[in-house]
């Protein structure tokens with residue numbers, strides 16, 4: 001006859017549940033860490049792309065003929081699409097200084113860049129340039145809707161145009 005002592009018996013249900021709880025907690029922590037890391041990486045990538053778009057707009061501004069641009073700046077915000085070519089935002093819209101107050105519907109397709117995530121023909125990034133005639137400065141904005149619940153994001157730079 002076989003006799004089993006308490007030391008030889010299998011694991012109790014309580015022990016199994018404790019092990020499952022520990023494993024579940026470990027997996028949940030690993031998942032949470034990975035999700036945060038991916039979100040941070042995506043946000044860093046978006047900021048990097050936004051800075052590249054700002055840089056391209058600044059370069060186009062530097063190469064523009066001042067006389068033609070001075071006429072165009074009176075029509076509201078615009079973006080540069082090529083040498084001496086400015087495209088104005090719809091309806092003479094002047095982009096506000098904050099991303100939260102911005103109206104994405106006012107941007108023509110020519111003033112958007114990046115991947116079309118929503119299938120609406122618009123790019124992820126919205127470009128705008130505003131001009132302050134008193135200080136002879138341009139404010140270049142790039143705006144986009146951030147990942148997850150981060151809301152509207154923006155990068156901007158101020159550029160002074162020296163008259164030659």
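Computed from the coordinates by the stated procedures, all read-outs in this text should not be read as laboratory data. Not measured: the values here are computed from a predicted model. Neighbour counts are summed over all protein chains in view; Cβ atoms, including those assigned to glycine, are modelled from backbone coordinates with ideal geometry.
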Practice prompt. Evaluate E = 1/(1 + (r/R0)^6) for residue 103 and residue 26, where r is the Cβ-Cβ distance and R0 equals 41 Å; express this FRET efficiency to the nearest 0.05.
Written response: 0.35
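Relative contact order of segment 13-160: what whole-number percent is it, with Cα pairs under 8 angstrom and at least 6 residues apart?
19
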Worksheet item: Taking the C-alpha atoms of segment 13-160, how large are the radius of gyration and the largest Cα-Cα span, Dmax, in Å?
Response: 21.5, 83
Worksheet entry | Sequence of 56, 77 once ranked by neighbouring C-beta atoms within 10 Å, starting from the fewest | 56, 77
Worksheet item: By how many nm would the segment from residue 136 to residue 90 grow when fully extended, if each residue of separation counts as 0.36 nm and the alpha-carbon distance is taken off?
Response: 14.2 nm
